[in-house]
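Asks: Before we start, here is the structure in question, set down as structure tokens.
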Amino acid sequence: MSNLYNQLAAVYEAMYKSFISYADEFELYKSLVEPHLTKKTIVEIGCGTGNLANYFNDAGYDYTGLDVSTQMLQIAQLKAPNCNFLEADMRQFSLKQAVNCIIITARTISYLITNDDVNNALETINKNLLPNGILCFDFIDANKYISQLAANNKPIHKATSMGITYVRKGHWQNRFTHGLDFYWTANYYKQNNNELKLLGTDEAMVRAFTKNEIENWLAINGFECLKFIERATYAFPTFVVVAKKR
């Protein structure tokens, strides 16, 4: 698992609150899934430090956050004490009761590198959804991202939180071992004037998908695609997909 979600969980918490408006993130997912729901039971896969949890809870959802990182969930539970959290792998989990909606946020599907990973995750999600349940998630658009990677494979991101400036110096390398996958390394720093103090390093394998690939994987695992939305983000060209369990 990426160090960013373990030893660097506190750095993740600080930086991503600057990168992302979680109020806007919540409104997007709410607008996409709520018209299809008869009951507001929802699981967020890749909930991380729980930045969306209180939004869903305050909107009357029976919310559960699911993540594989103990450290991230510890932060999430402190921030959202009235919400449920489950430490589990998206490729194999079992809820006590099936739900109406599952969302996968923060492009978490990108960590499903092999075809078996993708298939196992979608098969598991299907089993944990009620009939006509809704699945919604975002993914890196491979068609656009490959061009972006060719233009700049060493991105630098800065973020300021609580008066501290953090800097991330990344490096992407093509792999293409299981699909359109990439190897990511990054150094995280705290900036003091013009000096950078290294806080830690991170590495991960990440997979991008074409829209057609996602359509096929969803069909194989018993889902009907309802909508695709192109979405710009701070780092990646992205699609958001809404699908219904057949």
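The values are calculated or read from the model by the stated rules, or taken from the named source; none is laboratory data. Only a predicted model underlies this, so the values are computations on that prediction, with no experimental measurement involved. Cβ placement follows ideal geometry from the backbone for every residue including glycine, while neighbour counts extend to all protein chains displayed.
Asks: Restricting attention to segment 126-165, and to residues there that are in contact with a His (Cβ under 7 Å, 6 or more places away or on another chain) and within 25 Å of LEU199 (Cβ to Cβ), which single residue is surrounded by the most Cβ atoms within 10 Å (Cβ to Cβ)?
Replies: ASN153
Asks: Across segment 62-78, which residue is nearest to CYS101 (Cα to Cα) among those that are under 17 Å from the mean Cα position of the chain (by Cα) and among the polar types (S, T, N, Q)?
Replies: Ranking the qualifying residues of segment 62-78, first place goes to THR64.
Asks: Hey, another quick one. Out of segment 83-109, which residues are among the charged types (D, E, K, R) and either over 11 Å from ASN128 (Cα atoms) or in contact with a Cys (Cβ under 9 Å, 6 or more places away or on another chain) (or both)?
Replies: Correct list: GLU87, ASP89, ARG91, ARG107.
Asks: Report every pair of residues separated by at least 6 positions or lying on different chains whose Cβ atoms are under 8 Å apart, first residue within segment 146-165 and more than 18 Å from TYR12 (Cβ to Cβ), second among the charged types (D, E, K, R) and not in a loop (DSSP other than H, G, I, E, B).
Replies: Correct list of pairs: LYS154/LYS169.
Asks: Examine segment 143-165 for a residue that is modelled with pLDDT of 90 or more, part of a strand (DSSP E or B) and in contact with a strand residue (DSSP E or B) (Cβ under 7 Å, 6 or more places away or on another chain), and state whether such a residue exists.
Replies: Taking every residue of segment 143-165 in turn, none turns out to be modelled with pLDDT of 90 or more, part of a strand (DSSP E or B) and in contact with a strand residue (DSSP E or B) (Cβ under 7 Å, 6 or more places away or on another chain).
Asks: Let me ask another. Read through the list (1) assigned to a loop (DSSP other than H, G, I, E, B); (2) surrounded by 13 or more Cβ atoms within 10 Å (Cβ to Cβ), then give the number of the only condition that PHE176 fails.
Replies: If we test PHE176 against (1) assigned to a loop (DSSP other than H, G, I, E, B); (2) surrounded by 13 or more Cβ atoms within 10 Å (Cβ to Cβ), just (2) comes out false.
Asks: I would also like to ask the following. So, VAL242, is that one modelled with pLDDT of 95 or more, assigned to a strand (DSSP E or B) and either among the hydrophobic types (A, V, I, L, M, F, W, C) or not assigned by TED's automatic domain parsing to the domain that holds ILE109 (or both) or not?
Replies: Spelling it out, VAL242 is indeed modelled with pLDDT of 95 or more, assigned to a strand (DSSP E or B) and either among the hydrophobic types (A, V, I, L, M, F, W, C) or not assigned by TED's automatic domain parsing to the domain that holds ILE109 (or both).
Asks: Of the residues in segment 75-96, how many are in contact (Cβ under 8 Å) with a residue 24 or more places away in the chain and not in a strand (DSSP E or B)?
Replies: The number of residues fulfilling the criteria is 12.
Asks: Just wondering, is there one or more residues in segment 227-236 that are part of a strand (DSSP E or B), closer than 20 Å to ILE125 by Cβ and not aromatic (Phe, Trp, Tyr)?
Replies: Yes, that holds for at least one residue.
Asks: Scan segment 121-142 residue by residue and report those that are part of a strand (DSSP E or B), among the hydrophobic types (A, V, I, L, M, F, W, C) and closer than 17 Å to VAL240 by Cβ.
Replies: The answer is ILE134, LEU135, CYS136, PHE137, PHE139, ILE140.
Asks: Being under 20 Å from VAL33 (Cβ atoms), among the polar types (S, T, N, Q) and either buried (at least 20 other Cβ atoms within 10 Å of the Cβ) or not assigned by TED's automatic domain parsing to the domain that holds VAL43 (or both) is true for just one of ASN84, ASN100. Which residue is that?
Replies: On inspection, the qualifying residue turns out to be ASN100.
Asks: Shifting gears a bit: Does LYS197 fit the bill of being in contact with a Lys or Arg (Cβ under 6 Å, 6 or more places away or on another chain), of a type outside the set (A, V, I, L, M) and part of a strand (DSSP E or B)?
Replies: So LYS197 fits the description; yes.
Asks: Could you please find all residues in segment 7-46 being part of a loop (DSSP other than H, G, I, E, B) and either farther than 14 Å from SER69 by Cβ or modelled with pLDDT of 95 or more (or both)?
Replies: Of everything in segment 7-46, those that are part of a loop (DSSP other than H, G, I, E, B) and either farther than 14 Å from SER69 by Cβ or modelled with pLDDT of 95 or more (or both) turn out to be ILE20, SER21, LEU37, THR38, LYS39, LYS40, GLY46.
Asks: Could you check how many residues of segment 51-67 are outside any strand (DSSP E or B) and at pLDDT 95 or above?
Replies: Number satisfying all stated conditions: 10.
Asks: Inspect segment 106-119 for any residue being among the charged types (D, E, K, R), assigned to a helix (DSSP H, G or I) and under 22 Å from ALA204 (Cβ atoms) and give the result as yes or no.
Replies: Yes - at least one qualifying residue is present in segment 106-119.
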